[in-house]
Amino acid sequence: MIEVFKTTTVEQMEADSDRLHETAEKLGIDTWQDRVKKQTPHCGFGEKGVCCRICSMGPCRITPKSPKGICGATADTIAGRNYLRMVAAGASAHSDHGRECVHKLYDASEDGYYHVTDSAKLLKLAEEWGVPTEGRDLYDIARDVARIGLGEYGKIEGVQNFLSRATEERRKVWKEQEIEPRAIDREVVTAMHMTHMGCTADPEALVRQSLRTGLADGWGGSMAGTEISDILYGTPMPRETEGNLGVLDKDMVNIICHGHDPAVSEMIVLVAESREMQEYARSCGAKGINIAGLCCTANEIAMRHGIKMVGNFLQQENALLTGVVEAIVVDVQCIFPNIGPLAECFHTKFFTTSPIARIPKSEYLELTSHNARDVALKIVRDACENYKNRDESKIFIPEHKHKAAVGYSCEGIKSRLDAVTNSFVDTLDTYKPLIECIKSGVLRGAVAMVGCNNPKVRPDYSHIEIMKRLLENDIIVVATGCAAQAASKAGLLDKRAKVFCGEGLRRVCTLADIPPVLHMGSCVDISRMMLLVTGIAKDWGIDTTQLPAVGCAPEWMSEKAVSIANYVVATGIDVYLGIDPLVSGSEKMMELITQGTRQMVGAGYTINTDPEQLVKAMIDGIEAKRAALGI
Ligand code: SF4
Ligand code: MSK
């Protein structure tokens with residue numbers, strides 16, 4: 001019998017959410033759906049980016065009758081400053097996450113809690129950064145690499161080390177445009193200083209600093225986060241797992257890890273998978289321990305351990321509403337403060353672990369290099385003991401879940417190419433077969449689908465519909481963050497999803513044994529995407545901006561996404577946004593981000609809240625790049 005592969009539709013996901021929302025109503029607790037209603041309509045000044053509160057003469061709001069703030073700042077200045085401040089906040093979040101990773105490498109030791117797992121990657125980075133390796137202890141090398149890595153945040157002179165990985169053409173553009181990022185912290189501080197009362201009023205200068213600050217993130221802090229996480233916890237390779245709410249298990253102790261920094265989730269996984277803790281869970285009446293990830297933490301631990309993924313950003317309250325979560329443990333970023341009061345409606349224990357994300361109604365256990373295992377042990381033990389406290393009357397687990405192939409790091413992608421094509425021509429470690437597929441038109445191009453959920457558009461609908469349209473058109477999708485989670489919930493990370501592809505992409509998926517949407521990791525891992533396009537461009541002998549590849553964030557919400565969009569554009573890749581970046585009150589700013597950056601760095605934004613029109617624009621953009629290459 002021929003198996004018919006079906007995705008989970010957005011309607012089915014919404015039905016699950018509605019059912020869980022009934023539980024919330026019964027318990028008298030609000031969820032994001034209720035709060036959206038109360039917050040709508042949003043403040044028009046904020047939406048257009050023309051409210052300024054950076055000094056106490058304000059807040060000043062721009063209207064046709066009052067076109068200037070008290071200091072004389074125009075809509076262009078105010079919207080430009082607000083935009084750069086978003087980039088600075090986003091870059092700080094990613095980069096500080098990266099810094100934490102480098103600190104963990106600095107603290108790593110043979111007998112400590114954190115170890116070097118990918119020593120080859122460490123040695124490669126050591127060589128790149130000029131750290132002597134010959135005859136030296138691995139952990140001495142690690143400390144020297146970490147010292148340089150930490151120095152990148154405050155270096156006195158020069159630009160980011162990772163820039164040397166870019167194509168020559170890109171490096172030239174960055175130099176000519178004077179947007180090479182210096183120290184990571186310096187670019188963020190410069191952004192904050194420029195936007196202080198009485199400083200930069202010129203929107204073009206603000207956009208230029210947005211690109212530079214974004215580059216400090218993508219080719220600085222985020223790249224450090226990814227690189228060092230790989231060294232510490234292992235470079236992801238293709239593996240199978242499952243995604244969506246159905247991964248929660250009624251008979252197991254369910255522990256959800258949520259956030260971004262893998263230092264916490266890695267330790268929870270390590271401890272929970274120990275025989276001692278599994279036995280402890282059984283002694284508490286459960287069949288074992290089921291760890292599930294949320295948001296980007298899901299991506300991190302799925303890629304490295306095959307841990308199941310419970311869902312993306314707007315699924316976080318749903319997960320708790322199932323009534324079977326014994327503990328939710330979080331580190332930093334994208335955590336709803338409402339997790340506290342929501343957890344209190346259930347037996348769920350809520351643990352915060354970072355001084356960066358202190359949240360009311362949680363138990364705070366700061367996790368450091370020196371107490372990581374003890375903290376993880378306490379959390380896992382408490383979760384096991386909490387199993388007996390479930391209230392059966394509150395339990396409902398939606399059944400939807402899908403198989404998901406994850407772990408397509410650059411090394412993971414090359415491993416697939418090496419296995420199926422490169423080995424025949426005896427040229428390993430190259431993207432050339434992929435390039436041949438693109439040149440011949442078997443693949444028309446690639447789209448990097450990234451970003452969050454946002455209730456301003458129908459959650460997950462844009463992600464899923466856009467991905468399906470791209471696949472039909474033989475455009476391969478690489479995905480990170482909550483976009484990757486949307487794909488996993490729908491079933492698009494299942495290798496059988498190739499049935500949705502055009503003939504060319506379907507053939508590639510079969511040959512390479514890959515799903516049509518390649519899971520590349522978390523939001524910091526968009527730096528992997530930068531290295532992927534750079535690697536392909538170098539093997540092709542062209543610049544990144546010439547590739548038939550674009551980025552798309554149809555449901556973004558976070559300041560990090562604005563920082564990402566800036567470094568992707570600065571890398572020469574056009575970005576298609578499904579949510580307005582809050583500058584529409586300034587014609588000049590709209591012109592700069594959609595057109596002006598094309599003159600500076602060869603790429604810009606296309607903004608359209610209609611997913612149909614957005615995907616059409618992307619396909620046209622990819623075809624235009626192909627035509628320019630003469631393919
Ligand atoms: Fe108003 Fe200017 Fe102060 Fe902004 S900086 S709040 S526009 S006076
Ligand atoms: S978790 S930044 S909602 S992708 Fe990285 Fe998801 Fe966006 Fe957070």
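The values are calculated or read from the model by the stated rules, or taken from the named source; none is laboratory data. Because the structure is predicted, anything quoted here is derived from the model rather than measured. Counting neighbours? That spans all protein chains shown, and the Cβs are built from the backbone with ideal geometry, glycine included. Surface areas here come from the heavy atoms of the whole protein model, side chains and all, with no ligands, DNA or RNA. Shrake-Rupley method; radii C 1.70, N 1.55, O 1.52, S 1.80 Å.
Given the conditions (1) among the hydrophobic types (A, V, I, L, M, F, W, C); (2) more than 30 Å from Trp219 (Cα to Cα); (3) within 16 Å of ligand 2 (Cβ to nearest atom), and given that Val50 satisfies all but one, which numbered condition is not satisfied?
Among (1) among the hydrophobic types (A, V, I, L, M, F, W, C); (2) more than 30 Å from Trp219 (Cα to Cα); (3) within 16 Å of ligand 2 (Cβ to nearest atom), the lone unmet condition for Val50 is (3).
For the stretch 566-583, how many residues meet the condition of being assigned to a helix (DSSP H, G or I) and either open to solvent by 20 Å² or more (accessible area, probe 1.4 Å) or of a type in the set (Val, Ile, Thr) (or both)?
So the answer is 2.
Starting from the stretch 460-483, take each residue that is in contact (Cβ under 8 Å) with a residue 40 or more places away in the chain and within 15 Å of ligand 2 (Cβ to nearest atom) and list its partners that are of a type in the set (Phe, Trp, Tyr) and in a helix (DSSP H, G or I), counting only C-beta distances under 6 angstrom and pairs at least six apart or across chains.
Cys482/Phe313
Can you name the number of the only condition in (1) farther than 26 Å from Ile536 by Cβ; (2) without any contact (Cβ under 8 Å) to a residue 60 or more places away in the chain; (3) in contact with a Gly (Cβ under 6 Å, 6 or more places away or on another chain) that Pro181 fails?
(1)
Is there a residue being in contact with a helix residue (DSSP H, G or I) (Cβ under 8 Å, 6 or more places away or on another chain), open to solvent by 40 Å² or more (accessible area, probe 1.4 Å), not in a helix (DSSP H, G or I) and not charged (D, E, K, R) anywhere in the stretch 15-37?
no
Would you mind stating whether Ala383 is touching a residue at least 40 places away in the same chain (Cβ under 8 Å), assigned to a strand (DSSP E or B) and not acidic (Asp, Glu)?
So Ala383 does not fit the description; no.
Residues checked against (1) surrounded by 24 or more Cβ atoms within 10 Å (Cβ to Cβ); (2) in contact (Cβ under 8 Å) with a residue 24 or more places away in the chain:
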{"site": "Lys489", "(1), (2)": "yes, yes"}
{"site": "Arg496", "(1), (2)": "no, yes"}
{"site": "Thr510", "(1), (2)": "no, no"}
{"site": "Leu531", "(1), (2)": "no, yes"}
{"site": "Ile542", "(1), (2)": "no, yes"}
{"site": "Ile564", "(1), (2)": "yes, yes"}
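Has the stretch 608-616 got any residue that is assigned by TED's automatic domain parsing to the domain that holds Leu471, under 24 Å from Trp174 (Cβ atoms) and of a type outside the set (Asp, Glu)?
Checked the stretch 608-616: no residue is assigned by TED's automatic domain parsing to the domain that holds Leu471, under 24 Å from Trp174 (Cβ atoms) and of a type outside the set (Asp, Glu).
Go over the candidates Ser586, Ser527, Ser522, Ser558 one by one and state the one that is within 16 Å of ligand 1 (Cβ to nearest atom) and surrounded by 19 or more Cβ atoms within 10 Å (Cβ to Cβ).
Ser586
Within the set of pairs 6 or more residues apart or between chains, which connect a residue that is in the same structural domain as Glu587 (by TED's automatic domain parsing) inside the stretch 44-62 to a residue that is of a type in the set (Val, Ile, Thr) and surrounded by fewer than 20 Cβ atoms within 10 Å (Cβ to Cβ) with Cβ atoms less than 8 Å apart?
none
Within the set of pairs 6 or more residues apart or between chains, which connect a residue that is open to solvent by less than 10 Å² (accessible area, probe 1.4 Å) and more than 16 Å from ligand 1 (Cβ to nearest atom) inside the stretch 258-276 to a residue that is among the acidic types (Asp, Glu) and part of a helix (DSSP H, G or I) with Cβ atoms less than 8 Å apart?
Cβ pairs passing all conditions: His260/Glu300; Pro262/Glu300; Ala263/Glu100; Ser265/Glu300.
Quick check on this structure: which one of Arg496, Arg469 is part of a helix (DSSP H, G or I), out of contact with any helix residue (DSSP H, G or I) (no Cβ under 6 Å at 6 or more places or on another chain), farther than 19 Å from Gln316 by Cα and of a type in the set (Lys, Arg)?
Sole residue among the options that is part of a helix (DSSP H, G or I), out of contact with any helix residue (DSSP H, G or I) (no Cβ under 6 Å at 6 or more places or on another chain), farther than 19 Å from Gln316 by Cα and of a type in the set (Lys, Arg): Arg496.
Of the numbered conditions (1) out of contact with any helix residue (DSSP H, G or I) (no Cβ under 7 Å at 6 or more places or on another chain); (2) closer than 30 Å to Ile231 by Cβ; (3) among the small types (Gly, Ala, Ser), Ser283 fails exactly one; give the number of that condition.
Just one mismatch for Ser283, condition (2).
Exactly one of these conditions fails for Leu592: (1) surrounded by fewer than 19 Cβ atoms within 10 Å (Cβ to Cβ); (2) touching a residue at least 24 places away in the same chain (Cβ under 8 Å); (3) assigned to a helix (DSSP H, G or I). Give me its number.
It is condition (1) that Leu592 fails.
Looking at Val188, Val116, Val145, Val207 in this structure, which one is open to solvent by 10 Å² or more (accessible area, probe 1.4 Å) and either within 20 Å of Val533 (Cα to Cα) or part of a helix (DSSP H, G or I) (or both)?
Within the list Val188, Val116, Val145, Val207, the selection yields Val188.
Only one of (1) open to solvent by 30 Å² or more (accessible area, probe 1.4 Å); (2) within 24 Å of His97 (Cβ to Cβ) fails for Thr226. Which number is that?
(1)
Please indicate, with yes or no, whether at least one residue in the stretch 499-515 is within 20 Å of the chain's Cα centre (by Cα) and away from ligand 1 (no atom under 16 Å from the Cβ).
Yes, some residue in the stretch 499-515 is within 20 Å of the chain's Cα centre (by Cα) and away from ligand 1 (no atom under 16 Å from the Cβ).
What pairs can you find where one residue is in the stretch 289-300 and farther than 16 Å from Phe336 by Cβ, the other is within 15 Å of ligand 2 (Cβ to nearest atom) and hydroxyl-bearing (Ser, Thr, Tyr), and their Cβ atoms are less than 6 Å apart, with a gap of 6+ or different chains?
Correct list of pairs: Asn299/Ser522; Glu300/Ser522.
All but one of (1) closer than 24 Å to Ile564 by Cβ; (2) part of a loop (DSSP other than H, G, I, E, B) hold for Arg81, so report the exception by its number.
Of (1) closer than 24 Å to Ile564 by Cβ; (2) part of a loop (DSSP other than H, G, I, E, B), only one is false for Arg81: (2).
Scanning for something in contact with a Pro (Cβ under 6 Å, 6 or more places away or on another chain), part of a loop (DSSP other than H, G, I, E, B) and open to solvent by 50 Å² or more (accessible area, probe 1.4 Å), does the stretch 40-55 turn up at least one residue?
yes
Among the numbered criteria (1) of a type in the set (S, T, N, Q); (2) within 14 Å of ligand 2 (Cβ to nearest atom); (3) open to solvent by less than 10 Å² (accessible area, probe 1.4 Å), which one does Thr322 miss?
(2)
Can Ala627 be described as within 29 Å of Gly44 (Cβ to Cβ) and either within 16 Å of ligand 1 (Cβ to nearest atom) or of a type in the set (A, V, I, L, M, F, W, C) (or both)?
no
Answer yes or no as to whether Ala553 is modelled with pLDDT under 95, closer than 21 Å to Lys468 by Cβ and either within 12 Å of the chain's Cα centre (by Cα) or away from ligand 2 (no atom under 14 Å from the Cβ) (or both).
So Ala553 does not fit the description; no.
Which residues, taken from the stretch 599-631, are without any contact (Cβ under 8 Å) to a residue 24 or more places away in the chain, touching a helix residue (DSSP H, G or I) at 6+ places or on another chain (Cβ under 9 Å) and closer than 30 Å to Glu180 by Cα?
The answer is none; no residue qualifies.
Keeping to the stretch 325-336, report how many residues are within 11 Å of ligand 2 (Cβ to nearest atom) and of a type in the set (Gly, Ala, Ser).
Qualifying residue count for the region: 0.
Just one of Ile359, Ile339 is within 16 Å of ligand 2 (Cβ to nearest atom) and either farther than 30 Å from Gln12 by Cβ or charged (D, E, K, R) (or both); which is it?
Ile359
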